[in-house]
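This report concerns only the one structure given below.
The values are calculated or read from the model by the stated rules, or taken from the named source; none is laboratory data. As the structure is a computational prediction, the values presented were derived from the model and not from experiment. Here the Cβ positions follow ideal geometry from the backbone for every residue, glycine too, while neighbour counts run over all protein chains shown. Areas reflect the complete protein model, heavy atoms only, side chains present, ligands, DNA and RNA absent. Shrake-Rupley method; radii C 1.70, N 1.55, O 1.52, S 1.80 Å.
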Amino acid sequence: ASGPAVQRSLERIAEVGAALDDPSLGALPRALVGLNKVFVGPIREGVEALEQAIPHMERRRDFIGAAFSRGWLAIGYAELGEFGKAEEASRLATALAAQGDIIAQLDAQIAATMVRSLRGQLDDALLNARDCVLRAEESGATSCAVVSRWVLGDVLQRQGAADESRQVLQIAIDMSPVTGAGGVWRPTLMAWLGLADAMLGVDDPDDRRW
């Protein structure tokens, strides 16, 4: 999400926005680029892209998109060790999500959980992650359930609970094909499952396919 074609598309959208005197047109594409960079790097560039995009999204009253983006901004800040900014971004994401649907609220809760985990507040993160999984599965938000299980599996690994982490991640892998983002999340889930196996001393137990 950062190659020449993407950059040209962003520049073209910016040109159209300038011609229409509406710079907010490029906000969503820029936010998507930003969250991808927060996830895969460079994190600082992702944070800067989100900082630029979010005010335009809020002015357009795109509460769901803004909440989702602020959640990823919170994660980016936390990854950079800027925890004060992370907490504030997470708080704003939660407030915005309250004006949206259950998926927006779950996205904000997932982000808050990741911030807690990155801060080393693992007990709080564990409780929040379990609640995310429960709410997502009860509401039928399968994609959120998959991501919540990844977050829960990660927290469990950080606490040394590799066996439970493996179970949680395996369920997420089994669920992922029925979600629209299954292909995106499967490699990540498989990687974390491999970490759990390594912690348990298991060597390729299931001949898993990528």
### Query
Can residue 59 be described as open to solvent by 60 Å² or more (accessible area, probe 1.4 Å) and free of Cβ contacts under 8 Å to residues at least 24 places away in the same chain?
no
### Query
Checking residue 177 against (1) farther than 16 Å from residue 196 by Cβ; (2) surrounded by 17 or more Cβ atoms within 10 Å (Cβ to Cβ); (3) in contact with a Gly (Cβ under 9 Å, 6 or more places away or on another chain), which single condition isn't satisfied?
(2)
### Summary
In the set 49, 108, the lone residue that is modelled with pLDDT of 90 or more, within 23 Å of residue 125 (Cβ to Cβ), within 16 Å of the chain's Cα centre (by Cα) and part of a helix (DSSP H, G or I) is 108
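Residue-wise test of (1) touching a Lys or Arg at 6+ places or on another chain (Cβ under 8 Å); (2) modelled with pLDDT under 95; (3) not in a helix (DSSP H, G or I).
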{"residue": "164", "(1), (2), (3)": "no, no, no"}
{"residue": "169", "(1), (2), (3)": "yes, no, no"}
{"residue": "186", "(1), (2), (3)": "no, yes, no"}
{"residue": "209", "(1), (2), (3)": "no, yes, yes"}
### Pair list, Cβ under 6 Å, 6 or more apart: the stretch 128-144 residue at pLDDT below 95, other residue of a type in the set (A, V, I, L, M, F, W, C) and not in a helix (DSSP H, G or I)
143/181
### Query
Which of the following residues is open to solvent by less than 60 Å² (accessible area, probe 1.4 Å) and in a helix (DSSP H, G or I): 100, 120, 76?
76
